[in-house]
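The values are calculated or read from the model by the stated rules, or taken from the named source; none is laboratory data. What you see is a predicted model; the values in this text were computed from it and never measured. Note that we place each Cβ from the backbone using ideal geometry, even for glycine, and neighbour counts take in every protein chain shown. Keep in mind that these areas ignore ligands, DNA and RNA; they rest on the heavy atoms of the full protein, side chains included. Shrake-Rupley method; radii C 1.70, N 1.55, O 1.52, S 1.80 Å.
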Amino acid sequence: MSRGRVSGWRWVPSLYFAEGMPYVVVMTLAGIMYTKMGVGNAEMAFFTSWLMLPWLVKPLWSPVVDILGTKRGWVVAMQLLLAATFSSVALALPGADYFRFTMASFFAIAFLSATHDIAADGFYMLGLETRSQSFFVGIRTAFYRAAMLFCQGPVVMVAGYMEKYCGKIAEGWMWTFYGLSTLFLIIAIYNSLAMPRPERDHSNGDKSGTQGFREALAEFCSAFVTFFRKPHILSALAFMVLYKLPEAQIIKLINPFLLHPVDRGGLGLSTAEVGVVYGTVGMIGLLLGGIVGGMVVAKGGLRRWIMPMAWSMSLTCLAFVYLAYSSSHTLPTVAACVFVEQFGYGFGGTAYILYLISFSSGGEAPSPYATSHYAICTGFMTLGSMLPGMAAGWIEEQLGYGLFFMWTMACCIVTIMTSMRIRRQLPAEK
């Protein structure tokens, strides 16, 4: 490829599809696979929640990506390594000690994916002009979510069919991960050919590695200090960590609830049925919720809509309370409840993301560290999902699915109270 301009249509969709895939594999596919292979909810939720750690702490090694090599080189290297690591999951599945080795592989995927996120987001700003960056924001989001839809829908369906075809759950998932590895390798090769080579994409060549690292470290420390000196920082941190308290717990147990047999308190769906319901109908609900949320906030402002969105995020738990205690477990009924839950999550999540952007940017007095501050905000967002998710499986095993979903309803009080406090601090819309 020449160093001339290359249309974003050639590489932005494939780059952000590749960014979304590993995250969904770690956060969703791993849980489904472990549930099907008989891992208990407490063990599954606790250990898979730890897989969020690399995304929590990724700002700590982002200066390394800035200083060493190029963003393009980091992106291609991470994608090739991710393709190889998907295969390592497949290799470990037939073994007797599969849980330990697959968890190690999933943690490697999480670390590589978090590093890929740093490089990809940095390359996005280098590979496009400012005007094109604004245009392609919606495109990159759409293809990131398309990766979620693909992994939670067709991939789960394929895994279900492979379970039946092979006659063994482990073997079915083994071939599924070999397929994912092959697909990701193809994407990596394509991106290595399609991505441009912008002149600005270089390491700190004008400074020594040590000096460049020291300057980057000083910049990071300054951004970190100014973040914690922001007005209303304690209220903001409480909102970041606690807003998703109900959802952070329930999302870990949705797939086990759908998959576990009726005598275990679940709905007894097959893996393929979960792929259809949660990966297609659920993702449509999530996309629609996000679109509607963005439209109403653009028109009425965040201060006006934060409380309706908080209630929307909370009341989605009712859908699973209904399923847990209802005698109607037909596939259309389950699909409708999953749609309601995901629509509410997409709609309610809009307020959360917009607040993080607003808090990071500094409002009327824009912060020179807006990007770094947003990265710190997303770290606290990850913490707010990681810690409740670690406890969710144990809580369910003590209470059973019905009472567990009632517990998540009680946790909605925290979401509402933190949102009310934040609303009072938001400026009135002009």
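Here are some notes:
- Check: segment 64-179 dipole with +1 on Lys, Arg Cβ and -1 on Asp, Glu Cβ, in debye: 180 debye
- Cα extents for segment 85-190 along the principal axes, largest to smallest and rounded to whole angstrom: 53, 25, 20.
- Dipole size of the chain about its Cα centre, with +1 on Lys/Arg Cβ and -1 on Asp/Glu Cβ: approximately 980 debye, rounded to the nearest 20.
- Normalising by residue count, segment 266-326 has a Cα convex hull of 78 Å³ per residue.
- Ligands, DNA and RNA left out, the accessible area of the chain computed with a 1.4 Å probe is 67% carbon and sulfur.
- Segment 16-113: equivalent-ellipsoid semi-axes (sqrt of 5 x gyration tensor eigenvalues, Cα, Å): 26, 15, 11
- Checking the Cα-Cα distances for Lys58/Lys168; Lys36/Lys71; Lys168/Lys252 against a 32 Å cut-off, the pairs over it are Lys58/Lys168; Lys36/Lys71.
- Prolate/oblate/rounded call for segment 68-108, Cα gyration tensor, a/c under 1.5 rounded: prolate
- Temperature 25 °C, viscosity 0.890 mPa s: under these conditions the Stokes-Einstein estimate for the chain, based on its Kirkwood radius over C-alpha pairs, is 109 µm² per second.
- Protection-proxy order for peptides 167-173, 253-259, each taking the mean of Cβ atoms within 10 Å per residue, highest first: 253-259, 167-173
- Taking the inverse of the mean 1/r over every pair of distinct Cα atoms in segment 290-430 gives a Kirkwood hydrodynamic radius of 16.7 Å.
- Dipole of the chain [Lys/Arg +1, Asp/Glu -1 at C-beta], most positive-end residue of Phe359, Ser419, Phe239: Phe359
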